[in-house]
Each structure stands twice: as C-alpha cells, then as structure tokens.
1. Looking only at region 90-104, count how many residues are small (Gly, Ala, Ser) and part of a helix (DSSP H, G or I).
2. List pairs: first residue in region 90-119 and more than 14 Å from ILE136 (Cα to Cα) and open to solvent by 10 Å² or more (accessible area, probe 1.4 Å), second residue among the acidic types (Asp, Glu) and in a helix (DSSP H, G or I) anywhere in the structure, Cβ distance under 9 angstrom, at least six positions apart or on different chains.
3. Exactly one condition in (1) open to solvent by less than 60 Å² (accessible area, probe 1.4 Å); (2) at pLDDT below 95 is false for LYS159; which is it?
4. Would you call VAL107 assigned to a loop (DSSP other than H, G, I, E, B), of a type in the set (Val, Ile, Thr) and either farther than 21 Å from SER50 by Cβ or touching a Leu at 6+ places or on another chain (Cβ under 9 Å) (or both)?
5. Which of the numbered conditions does ARG62 fail, given that it passes all the others? Conditions: (1) modelled with pLDDT of 65 or more; (2) not in a helix (DSSP H, G or I).
6. Looking at region 120-161 only, could you name the residues that are small (Gly, Ala, Ser), under 15 Å from the mean Cα position of the chain (by Cα) and farther than 21 Å from ILE99 by Cβ?
7. If I ask for residues that are part of a helix (DSSP H, G or I) and open to solvent by 60 Å² or more (accessible area, probe 1.4 Å), which ones from region 72-89 would you list?
8. Going by what's in this entry, would PRO126 be described as within 19 Å of GLN71 (Cβ to Cβ) and modelled with pLDDT under 95?
Amino acid sequence: MCKGLSYLPSSCLEKAKEMRVKLSHLAETHHKNKTQDGRILQDLETLLNSKSGLQAFRAFLRSEFSEENLQFWLACEDYRVSPSNLQKTKACSIYNQFINPDAPLEVNLDAETREALLSVMDSPCPNTFNKAQQRIYSLMAKDSFPRFLRSHHCMEAVKAF
C-alpha cells in the first residue's frame, strides 16, 4: 500500500522535483514551438518562408493541378538573387516556361504585363519580373491560399507541427 510521499527518501523527492521542472520546461518549449508553427498559416508570405509550410502548400497546389503559380514565384525569387551574368539565361528560361503563350506552365497574367516583359527580355535586370511576380502572389493569396487553409493538406501540416 502507498503511504504517501513523506515515506520516500529525500534524494528521490529531489529527483522528482528536478524531473517536474524539466518536464514543465519541455512542455513550455513545445507549446511555444506550436504557437510559432501556427503563425505559419496566418498569411501566405509567412507560409512561403517556412520549409514545411512551403512543402504542404506545394502538395496542395499539385493536387489541384495549379503548381505553376508557385513554381513561377519561386523561379522569380531565385532570379532576383542570381548573379548578373546568369540573369539573361534565367530570364529567358522563366519567360519560355511561364510567360510565353505556348509555355508548358503558363501562368495567368494580363496582356499588358506579358507585353512589358517581352519588351525587356533583351536586357533583363534584377527587378524584371517584380510586377508579374506580385500579380501571381496576389492571385495565390486571394485564391489558392484560402482554399489551402480549408484543405486536408493544411490540416495534415498543422498536425505535423
């Protein structure tokens, strides 16, 4: 029969107190991480800057056959930080893959933006795709991201945190 804590040696009581402090610290750390991970889903920008959030969003877009917007956005991010000697090659690649009307992963851009891009393709600069990238970002933020938040992909990502 249990006679209570007073019958335990003091060394056991000290160990138990130490364990309680460690467990409460672990629980607090876990809760803090969960709270930070929950912020990943607050807005698209935060989601795109999180590796796990980006993976979940990509899987969702792939399931909807609309991954090209994210691929374009990521390609523009990569282009922006590319060395100037690679910009023309990368710009042509982005244009041919996403902007050209016959592009295999054509993104939904208005004619004015397409024409503006075509006119600067001979001499691209680091901000060549800024306007187009912002339009696609807005499209994802208003359309894809809200659907993602209601999807099982999002629920699975939250569970993984």
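The values are calculated or read from the model by the stated rules, or taken from the named source; none is laboratory data. Just so it is clear, the model here is predicted, and its values are computed rather than measured. Neighbour counts run over all protein chains shown; Cβ positions are idealised from the backbone, glycine included. The accessibility values were calculated without ligands, DNA or RNA, using every heavy atom of the protein model including side chains. Shrake-Rupley method; radii C 1.70, N 1.55, O 1.52, S 1.80 Å.
1. 2
2. Here the result reads LYS90/ASP78; GLN97/GLU68; ALA103/GLU68; PRO104/GLU68, each pair linking region 90-119 to a residue that is among the acidic types (Asp, Glu) and in a helix (DSSP H, G or I).
3. Evaluating LYS159 over (1) open to solvent by less than 60 Å² (accessible area, probe 1.4 Å); (2) at pLDDT below 95 leaves (1) as the failure.
4. yes
5. Failed condition: (2).
6. Passing the criteria: ALA157, ALA160.
7. Correct list: GLU77, ASP78, ARG80, SER84, ASN85, LEU86, LYS88, THR89.
8. no
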